[in-house]
Amino acid sequence: MFEDESEGAPEKPMDPAVKAKEKSDYFRIHAELAAVFEGKRKFDASLLPGLDPESARDIQRGVAKLEKSKSPESPILPPAVLADAGNLLDLHRTHGLTTNDYHIHRRPGEVQIVRWLEGEQVATFYERIQAHFDAGFNHFRDEEGGANEWKQEEKTLAYLKALGEIEVKMEERYLRKLIKDHKLIVLSTQAADELNIVFLADHLMSVAPEEIVGNASAPEGEHDEPNLAWFFKLFSLRGVKDGVEQMLFFAFLQKAEDTFGDSW
């Protein structure tokens with residue numbers, strides 16, 4: 001995940017607008033990961049191992065139920081599960097857990113990370129996700145222009161033009177206004193069959209991998225392949241509860257060499 005796509009086989013010919021959209025999607029996904037997991041680096045968030053197994057199971061089962069209930073065409077949850085979704089957004093209160101921090105539950109070869117945000121923390125999240133996207137995508141767009149503009153090829157110029165026309169507003173992309181105006185609850189997900197745990201720990205969170213996965217599962221170095229690659233799935237639950245804007249992020253990680261299908 002997030003490896004250099006230019007390595008290996010040459011890219012197949014692609015419609016310039018589609019290619020530009022795919023590049024912007026790459027930076028949008030990266031921006032979300034950065035905003036979700038930068039809390040320890042930027043906002044004094046703590047990594048708190050010791051989330052009790054019952055709470056972890058409740059959250060895992062809860063987000064799985066919500067995912068199954070929504071339409072593939074829309075992240076907006078149907079009315080039938082809004083009460084369950086609201087309970088998950090409020091679970092930090094009912095279980096006496098903090099917002100902003102990362103609550104971690106570990107089992108052999110498996111990790112669950114839960115983070116709640118509310119009120120101004122949510123507003124800050126949207127500021128940060130926009131800043132991450134703008135910085136990454138604008139830099140990429142400038143580099144692509146500098147490297148390719150001289151070619152004066154029709155498809156290349158069309159691609160650069162499409163890149164220049166892309167403007168992503170993260171609040172719109174993540175339906176923030178609709179959520180606030182209509183009291184909706186929204187669930188979106190992203191997944192990777194193999195996420196390098198060092199990328200998550202070092203690059204995004206600025207912590208040692210063992211602080212996330214524990215000493216027994218942490219890689220011993222960059223060549224420790226069995227402990228580097230992890231299946232990763234991130235759930236983003238967003239809504240308004242009792243007049244307060246709230247978010248729940250639930251990340252499930254399991255060693256890629258293990259069988260993870262039975263976990264869901």
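A short reminder: the numbers here are calculations on the coordinates, not readings from a lab. Since the structure is predicted, the reported quantities are computational estimates derived from the model, not experimental observations. Don't worry about glycine lacking a Cβ; one is built from the backbone with ideal geometry, like all the others, and counts go over all protein chains shown.
A few remarks follow.
- Out of every Cα-Cα pair that segment 134-264 contains, those further apart than 23 angstrom amount to 58 percent.
- Unit charges on C-beta of K, R, D, E only; dipole of segment 71-229, Debye: 760
- Stretch gain in nm, segment R107-S46, where the contour uses 0.36 nm per residue and the Cα spacing is subtracted: 20.0 nm
- Options P226, A251, L82, ranked by Cα towards positive dipole end of the chain, top entry (Cβ charges): L82
- Helix-only [θ]222 nm of the chain, DSSP H runs n ≥ 4, -39500 (n - 2.57) each, per residue, nearest 500: -13000 deg cm²/dmol
- The residues H105, H182, when put in order of fewest to most other Cβ atoms within 10 Å, stand as H182, H105.
- Note: segment 16-258, Cα convex hull, 142 Å³ per residue.
- With a Cα cut-off of under 29 Å and a minimum spacing of 8 residues unless on different chains, the lysine pairs in segment 148-264 number 16.
- Alpha-carbon centroid distance for the pair segment 184-263 / segment 61-101, whole angstrom: 18
- Highest mean first, the peptides 135-148, 239-252, 50-63 sorted by other C-beta atoms within 10 Å per residue fall in the order 239-252, 50-63, 135-148.
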